[in-house]
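The structure appears below as C-alpha coordinates.
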Amino acid sequence: MTAQTPPSAATAAELDAARLLLARMGVSAEDLFAAPVDRPPVPTFAEYIPTVSAAVTDGTRRVYGSYWNRIAEHWGDRHLDEPTPSEIKQLVEYVKVNVVARRNARGGRSAGEHLIAALRCLYRHAEDDKLIAAADNPARKVAKPRRLPSTRRAVADTRLAEINETVATSGNDPALDSLLLRLHTETACRRGGALALRPQDLDPDQCLIFLREKGETVRWQPVSPTLMAHLVRHAAERGAPRDGQLLRYADGRPITTRRYDHLWARLGKHLPWVATQQISTHWLRHTTLTWVERNFGYAVARAYAGHADSAGDAGTTTTYVRASLQEVAAALAALTGEPHPLA
(Lines give C-alpha, C1' and ligand atoms only; values in the text may rest on other atoms or scores of the structure.)
Protein backbone atom coordinates (compact mmCIF):
# COMPACT_ATOMS: atom_id res chain seq x y z
CA MET A 1 0.00 0.00 0.00
CA THR A 2 1.37 3.43 -0.97
CA ALA A 3 2.05 5.71 1.98
CA GLN A 4 -0.08 8.87 1.96
CA THR A 5 1.06 12.28 3.12
CA PRO A 6 -0.68 13.29 6.34
CA PRO A 7 -3.22 16.07 5.77
CA SER A 8 -1.43 18.35 8.25
CA ALA A 9 1.94 17.95 6.46
CA ALA A 10 0.37 18.68 3.04
CA THR A 11 -1.36 21.76 4.42
CA ALA A 12 1.83 23.03 5.97
CA ALA A 13 3.68 22.58 2.68
CA GLU A 14 1.00 24.50 0.81
CA LEU A 15 1.17 27.33 3.33
CA ASP A 16 4.96 27.48 3.01
CA ALA A 17 4.63 27.68 -0.78
CA ALA A 18 2.07 30.46 -0.50
CA ARG A 19 4.28 32.45 1.89
CA LEU A 20 7.26 32.06 -0.43
CA LEU A 21 5.22 33.22 -3.43
CA LEU A 22 3.88 36.25 -1.56
CA ALA A 23 7.38 37.14 -0.33
CA ARG A 24 8.80 37.04 -3.87
CA MET A 25 5.92 39.29 -5.04
CA GLY A 26 6.51 41.71 -2.19
CA VAL A 27 2.94 41.28 -0.94
CA SER A 28 1.88 40.55 2.62
CA ALA A 29 -1.26 38.80 3.82
CA GLU A 30 -2.45 42.14 5.24
CA ASP A 31 -2.17 43.68 1.78
CA LEU A 32 -4.55 41.04 0.39
CA PHE A 33 -7.26 41.92 2.90
CA ALA A 34 -6.73 45.69 2.61
CA ALA A 35 -6.64 45.89 -1.20
CA PRO A 36 -9.98 46.79 -2.80
CA VAL A 37 -11.49 44.15 -5.08
CA ASP A 38 -12.39 45.46 -8.54
CA ARG A 39 -15.91 44.10 -9.03
CA PRO A 40 -18.91 45.68 -10.73
CA PRO A 41 -21.24 47.37 -8.25
CA VAL A 42 -24.28 45.31 -7.31
CA PRO A 43 -27.38 47.23 -8.43
CA THR A 44 -30.56 47.71 -6.43
CA PHE A 45 -33.73 45.84 -7.31
CA ALA A 46 -35.26 49.06 -8.67
CA GLU A 47 -32.26 49.47 -10.98
CA TYR A 48 -31.97 45.85 -12.11
CA ILE A 49 -35.60 44.78 -12.60
CA PRO A 50 -36.05 46.94 -15.76
CA THR A 51 -32.87 45.39 -17.21
CA VAL A 52 -34.17 41.85 -16.74
CA SER A 53 -37.68 42.79 -17.88
CA ALA A 54 -36.27 44.06 -21.16
CA ALA A 55 -34.25 40.86 -21.66
CA VAL A 56 -37.05 38.28 -21.26
CA THR A 57 -39.86 37.27 -23.60
CA ASP A 58 -43.27 38.91 -23.57
CA GLY A 59 -44.76 35.82 -21.96
CA THR A 60 -42.23 35.78 -19.12
CA ARG A 61 -42.71 39.50 -18.58
CA ARG A 62 -46.48 39.06 -18.44
CA VAL A 63 -46.24 36.29 -15.83
CA TYR A 64 -43.54 37.81 -13.61
CA GLY A 65 -44.19 41.52 -14.12
CA SER A 66 -46.63 41.97 -11.23
CA TYR A 67 -44.30 40.06 -8.90
CA TRP A 68 -41.30 42.16 -9.91
CA ASN A 69 -43.40 45.22 -9.13
CA ARG A 70 -44.15 43.81 -5.69
CA ILE A 71 -40.44 43.10 -5.11
CA ALA A 72 -39.58 46.66 -6.17
CA GLU A 73 -42.17 48.03 -3.72
CA HIS A 74 -40.59 46.18 -0.80
CA TRP A 75 -36.91 46.06 -1.72
CA GLY A 76 -36.50 48.70 -4.42
CA ASP A 77 -33.66 50.52 -2.62
CA ARG A 78 -31.89 47.34 -1.49
CA HIS A 79 -29.02 45.78 -3.40
CA LEU A 80 -29.36 42.31 -4.90
CA ASP A 81 -26.82 40.83 -2.50
CA GLU A 82 -28.61 42.05 0.63
CA PRO A 83 -31.75 39.86 1.09
CA THR A 84 -31.29 36.54 2.89
CA PRO A 85 -33.22 33.32 2.28
CA SER A 86 -35.17 34.01 5.48
CA GLU A 87 -36.21 37.42 4.20
CA ILE A 88 -37.35 35.89 0.92
CA LYS A 89 -39.49 33.41 2.86
CA GLN A 90 -40.98 36.30 4.83
CA LEU A 91 -41.85 38.13 1.59
CA VAL A 92 -43.41 34.96 0.19
CA GLU A 93 -45.65 34.64 3.25
CA TYR A 94 -46.60 38.31 3.00
CA VAL A 95 -47.60 37.90 -0.66
CA LYS A 96 -49.58 34.73 0.12
CA VAL A 97 -51.53 36.46 2.89
CA ASN A 98 -52.22 39.59 0.84
CA VAL A 99 -53.03 37.94 -2.48
CA VAL A 100 -56.25 39.05 -4.18
CA ALA A 101 -58.92 36.59 -3.04
CA ARG A 102 -60.63 34.69 -5.85
CA ARG A 103 -63.19 31.92 -5.79
CA ASN A 104 -60.64 29.38 -6.95
CA ALA A 105 -57.89 30.65 -4.61
CA ARG A 106 -55.81 28.01 -2.81
CA GLY A 107 -54.29 29.92 0.06
CA GLY A 108 -51.94 31.98 -2.08
CA ARG A 109 -49.78 28.97 -3.02
CA SER A 110 -49.63 29.98 -6.66
CA ALA A 111 -48.66 33.55 -5.76
CA GLY A 112 -45.86 32.28 -3.52
CA GLU A 113 -44.62 29.93 -6.22
CA HIS A 114 -44.62 32.69 -8.85
CA LEU A 115 -42.81 35.11 -6.52
CA ILE A 116 -39.97 32.65 -5.98
CA ALA A 117 -39.83 31.94 -9.71
CA ALA A 118 -39.67 35.69 -10.42
CA LEU A 119 -36.80 36.08 -7.94
CA ARG A 120 -34.95 33.11 -9.41
CA CYS A 121 -35.26 34.67 -12.84
CA LEU A 122 -33.78 37.94 -11.54
CA TYR A 123 -30.90 36.23 -9.78
CA ARG A 124 -30.20 33.93 -12.71
CA HIS A 125 -29.62 37.00 -14.86
CA ALA A 126 -27.50 38.51 -12.07
CA GLU A 127 -25.31 35.39 -12.09
CA ASP A 128 -24.93 35.59 -15.87
CA ASP A 129 -23.97 39.27 -15.57
CA LYS A 130 -21.33 38.36 -12.94
CA LEU A 131 -23.04 40.53 -10.33
CA ILE A 132 -23.29 37.70 -7.79
CA ALA A 133 -21.85 34.22 -7.47
CA ALA A 134 -24.06 31.16 -7.70
CA ALA A 135 -23.19 30.28 -4.10
CA ASP A 136 -24.46 33.69 -2.98
CA ASN A 137 -27.82 33.39 -4.75
CA PRO A 138 -30.43 33.42 -1.95
CA ALA A 139 -33.30 32.43 -4.25
CA ARG A 140 -31.62 29.06 -4.88
CA LYS A 141 -31.93 28.28 -1.17
CA VAL A 142 -35.71 28.79 -0.95
CA ALA A 143 -37.90 25.91 -2.08
CA LYS A 144 -41.07 26.53 -4.07
CA PRO A 145 -44.36 25.49 -2.46
CA ARG A 146 -45.42 22.05 -3.62
CA ARG A 147 -47.89 22.42 -6.46
CA LEU A 148 -51.32 20.97 -5.72
CA PRO A 149 -53.15 18.88 -8.30
CA SER A 150 -55.24 20.91 -10.74
CA THR A 151 -59.00 21.06 -10.23
CA ARG A 152 -59.57 21.08 -14.00
CA ARG A 153 -61.11 18.06 -15.63
CA ALA A 154 -62.62 17.12 -18.96
CA VAL A 155 -65.98 18.74 -19.71
CA ALA A 156 -68.73 16.19 -20.41
CA ASP A 157 -70.08 16.03 -23.97
CA THR A 158 -73.53 17.24 -22.90
CA ARG A 159 -72.05 20.19 -21.04
CA LEU A 160 -69.81 21.06 -23.99
CA ALA A 161 -72.87 21.03 -26.24
CA GLU A 162 -74.58 23.47 -23.86
CA ILE A 163 -71.61 25.80 -24.04
CA ASN A 164 -71.50 25.75 -27.84
CA GLU A 165 -75.25 26.29 -28.17
CA THR A 166 -75.21 29.23 -25.76
CA VAL A 167 -72.27 30.84 -27.51
CA ALA A 168 -73.96 30.50 -30.91
CA THR A 169 -77.20 32.12 -29.71
CA SER A 170 -75.98 34.96 -27.47
CA GLY A 171 -73.52 37.85 -27.41
CA ASN A 172 -72.74 40.58 -29.92
CA ASP A 173 -70.57 38.39 -32.19
CA PRO A 174 -71.66 34.73 -32.12
CA ALA A 175 -69.65 33.94 -35.25
CA LEU A 176 -66.39 35.04 -33.62
CA ASP A 177 -67.07 33.28 -30.33
CA SER A 178 -68.14 30.05 -32.02
CA LEU A 179 -64.97 30.14 -34.11
CA LEU A 180 -62.89 30.59 -30.95
CA LEU A 181 -64.50 27.61 -29.23
CA ARG A 182 -64.11 25.34 -32.25
CA LEU A 183 -60.48 26.39 -32.71
CA HIS A 184 -59.60 25.57 -29.11
CA THR A 185 -61.66 22.36 -29.03
CA GLU A 186 -60.14 20.97 -32.22
CA THR A 187 -56.51 21.96 -31.66
CA ALA A 188 -56.27 22.10 -27.84
CA CYS A 189 -54.22 25.27 -28.36
CA ARG A 190 -53.70 27.87 -25.64
CA ARG A 191 -55.08 31.39 -25.81
CA GLY A 192 -51.67 32.74 -26.76
CA GLY A 193 -51.47 30.37 -29.71
CA ALA A 194 -54.87 31.46 -31.00
CA LEU A 195 -54.08 35.16 -30.60
CA ALA A 196 -50.74 34.74 -32.40
CA LEU A 197 -52.35 33.02 -35.42
CA ARG A 198 -51.92 34.88 -38.74
CA PRO A 199 -53.44 34.26 -42.19
CA GLN A 200 -49.99 33.26 -43.44
CA ASP A 201 -50.00 30.49 -40.82
CA LEU A 202 -52.81 28.67 -42.64
CA ASP A 203 -52.14 25.81 -45.05
CA PRO A 204 -55.58 25.15 -46.59
CA ASP A 205 -54.35 22.38 -48.92
CA GLN A 206 -53.16 20.17 -46.06
CA CYS A 207 -55.54 21.60 -43.44
CA LEU A 208 -52.70 22.67 -41.12
CA ILE A 209 -52.19 25.75 -38.98
CA PHE A 210 -48.87 26.96 -37.58
CA LEU A 211 -49.13 27.53 -33.82
CA ARG A 212 -46.69 29.64 -31.79
CA GLU A 213 -47.21 29.21 -28.07
CA LYS A 214 -45.53 29.74 -24.72
CA GLY A 215 -41.88 28.94 -24.30
CA GLU A 216 -41.36 29.92 -27.96
CA THR A 217 -42.64 26.49 -29.01
CA VAL A 218 -43.96 26.12 -32.55
CA ARG A 219 -45.76 23.34 -34.36
CA TRP A 220 -47.96 22.52 -37.32
CA GLN A 221 -51.37 21.42 -36.03
CA PRO A 222 -54.02 19.63 -38.12
CA VAL A 223 -57.52 21.17 -38.30
CA SER A 224 -60.68 19.95 -39.95
CA PRO A 225 -61.62 21.18 -43.44
CA THR A 226 -64.65 22.91 -41.88
CA LEU A 227 -62.57 24.86 -39.37
CA MET A 228 -60.02 25.77 -42.06
CA ALA A 229 -62.78 27.16 -44.28
CA HIS A 230 -64.13 29.27 -41.42
CA LEU A 231 -60.66 30.61 -40.55
CA VAL A 232 -59.98 31.59 -44.17
CA ARG A 233 -63.40 33.26 -44.47
CA HIS A 234 -63.00 35.06 -41.15
CA ALA A 235 -59.63 36.51 -42.20
CA ALA A 236 -61.02 37.68 -45.56
CA GLU A 237 -64.24 39.18 -44.22
CA ARG A 238 -62.58 41.04 -41.35
CA GLY A 239 -59.62 42.38 -43.29
CA ALA A 240 -56.81 40.55 -41.51
CA PRO A 241 -53.47 41.33 -43.22
CA ARG A 242 -51.47 38.29 -44.24
CA ASP A 243 -48.79 38.89 -41.59
CA GLY A 244 -51.16 40.33 -38.97
CA GLN A 245 -53.40 38.80 -36.32
CA LEU A 246 -56.13 36.63 -37.83
CA LEU A 247 -58.83 36.74 -35.14
CA ARG A 248 -60.63 40.09 -35.24
CA TYR A 249 -63.76 41.91 -34.18
CA ALA A 250 -66.41 42.80 -36.77
CA ASP A 251 -64.87 46.27 -37.18
CA GLY A 252 -61.47 44.79 -38.01
CA ARG A 253 -59.73 45.35 -34.65
CA PRO A 254 -57.61 42.43 -33.38
CA ILE A 255 -59.13 40.68 -30.39
CA THR A 256 -57.29 40.41 -27.06
CA THR A 257 -57.53 38.18 -24.01
CA ARG A 258 -60.41 40.40 -22.85
CA ARG A 259 -62.63 38.74 -25.46
CA TYR A 260 -62.12 35.43 -23.67
CA ASP A 261 -62.86 37.03 -20.30
CA HIS A 262 -66.13 38.51 -21.56
CA LEU A 263 -67.03 35.23 -23.29
CA TRP A 264 -66.78 33.12 -20.14
CA ALA A 265 -68.42 35.80 -17.99
CA ARG A 266 -71.40 35.75 -20.35
CA LEU A 267 -71.52 31.96 -20.35
CA GLY A 268 -71.50 32.02 -16.54
CA LYS A 269 -74.63 34.16 -16.54
CA HIS A 270 -76.45 31.83 -18.92
CA LEU A 271 -75.04 28.60 -17.47
CA PRO A 272 -74.57 28.93 -13.68
CA TRP A 273 -72.46 25.76 -13.50
CA VAL A 274 -69.83 27.45 -15.71
CA ALA A 275 -69.42 30.24 -13.14
CA THR A 276 -69.57 27.85 -10.18
CA GLN A 277 -66.80 25.60 -11.50
CA GLN A 278 -64.77 28.50 -12.96
CA ILE A 279 -64.74 26.93 -16.42
CA SER A 280 -62.28 28.60 -18.79
CA THR A 281 -60.72 28.12 -22.22
CA HIS A 282 -58.03 25.90 -20.72
CA TRP A 283 -60.73 23.38 -19.75
CA LEU A 284 -61.37 22.86 -23.47
CA ARG A 285 -57.69 22.01 -23.96
CA HIS A 286 -57.86 19.56 -21.07
CA THR A 287 -61.07 18.02 -22.46
CA THR A 288 -59.62 17.40 -25.92
CA LEU A 289 -56.30 16.05 -24.68
CA THR A 290 -58.04 13.69 -22.24
CA TRP A 291 -60.10 12.26 -25.11
CA VAL A 292 -57.06 11.91 -27.37
CA GLU A 293 -55.01 10.16 -24.69
CA ARG A 294 -57.76 7.68 -23.88
CA ASN A 295 -58.36 6.81 -27.51
CA PHE A 296 -54.92 7.17 -29.12
CA GLY A 297 -52.39 6.92 -26.30
CA TYR A 298 -50.02 9.13 -24.38
CA ALA A 299 -47.52 9.82 -27.18
CA VAL A 300 -50.20 11.11 -29.55
CA ALA A 301 -51.71 13.24 -26.77
CA ARG A 302 -48.30 14.85 -26.08
CA ALA A 303 -47.81 15.65 -29.76
CA TYR A 304 -51.39 16.94 -29.99
CA ALA A 305 -50.70 19.26 -27.05
CA GLY A 306 -47.39 20.48 -28.45
CA HIS A 307 -45.40 19.24 -25.46
CA ALA A 308 -41.63 18.92 -25.69
CA ASP A 309 -40.05 15.57 -26.53
CA SER A 310 -38.17 15.51 -23.22
CA ALA A 311 -38.58 16.81 -19.70
CA GLY A 312 -36.55 16.99 -16.52
CA ASP A 313 -33.27 18.39 -15.30
CA ALA A 314 -29.85 17.39 -16.56
CA GLY A 315 -29.13 13.82 -15.65
CA THR A 316 -32.80 12.94 -15.13
CA THR A 317 -34.19 13.77 -18.58
CA THR A 318 -36.98 11.52 -19.83
CA THR A 319 -37.27 11.20 -23.61
CA TYR A 320 -40.71 10.51 -25.04
CA VAL A 321 -41.62 8.81 -28.28
CA ARG A 322 -42.77 11.52 -30.70
CA ALA A 323 -46.01 10.78 -32.52
CA SER A 324 -46.15 11.65 -36.22
CA LEU A 325 -48.25 14.42 -37.73
CA GLN A 326 -50.28 11.72 -39.48
CA GLU A 327 -51.17 10.17 -36.11
CA VAL A 328 -52.27 13.54 -34.78
CA ALA A 329 -54.37 14.08 -37.91
CA ALA A 330 -55.97 10.65 -37.44
CA ALA A 331 -56.91 11.56 -33.87
CA LEU A 332 -58.43 14.83 -35.09
CA ALA A 333 -60.41 13.02 -37.79
CA ALA A 334 -61.87 10.69 -35.17
CA LEU A 335 -62.62 13.63 -32.86
CA THR A 336 -64.44 15.72 -35.46
CA GLY A 337 -65.86 12.97 -37.68
CA GLU A 338 -64.34 14.65 -40.77
CA PRO A 339 -61.69 13.08 -43.02
CA HIS A 340 -58.31 14.81 -42.97
CA PRO A 341 -55.87 14.99 -45.91
CA LEU A 342 -53.00 13.68 -43.79
CA ALA A 343 -54.87 10.94 -41.93
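The values are calculated or read from the model by the stated rules, or taken from the named source; none is laboratory data. Worth saying up front: this structure is predicted, and the values here are computed from it rather than measured. So basically every Cβ, Gly included, is an ideal-geometry build from the backbone, and we count neighbours across all protein chains shown. Quick note on the areas: whole protein, heavy atoms, side chains included, nothing else; ligands and nucleic acids left out. Shrake-Rupley method; radii C 1.70, N 1.55, O 1.52, S 1.80 Å.
Just to be sure I understand, how many residues within region 214-231 are closer than 25 Å to Val155 by Cα and surrounded by fewer than 19 Cβ atoms within 10 Å (Cβ to Cβ)?
Going through region 214-231 one residue at a time, the tally reaches 4.
Could you list, in sequence order, the residues of region 238-261 that are in contact with a helix residue (DSSP H, G or I) (Cβ under 9 Å, 6 or more places away or on another chain) and in a helix (DSSP H, G or I)?
Listed by number, the residues that qualify are Thr257, Arg259, Tyr260.
Is there any pair with a first residue in region 285-302 that is more than 12 Å from Val328 (Cβ to Cβ) and open to solvent by 30 Å² or more (accessible area, probe 1.4 Å) and a second that is part of a helix (DSSP H, G or I) and charged (D, E, K, R) whose Cβ atoms are under 9 Å apart and which are 6 or more apart or on different chains, and what are they?
Short answer, once both residue conditions are applied: Glu293/Arg302.
Hey, Lys269 hits all of (1) buried (at least 17 other Cβ atoms within 10 Å of the Cβ); (2) among the charged types (D, E, K, R); (3) more than 27 Å from the chain's Cα centre (by Cα) but one; which does it fall short on?
Failed condition: (1).
For residues in region 52-86 being in contact with a Pro (Cβ under 8 Å, 6 or more places away or on another chain) and either assigned to a helix (DSSP H, G or I) or of a type in the set (Phe, Trp, Tyr) (or both), which is surrounded by the most Cβ atoms within 10 Å (Cβ to Cβ)?
Per the stated criteria, the residue is Trp75.
The conditions are (1) acidic (Asp, Glu); (2) in contact (Cβ under 8 Å) with a residue 24 or more places away in the chain; (3) over 24 Å from Gly337 (Cβ atoms), and Glu186 fails exactly one of them. Which is it?
Exception for Glu186: condition (3).
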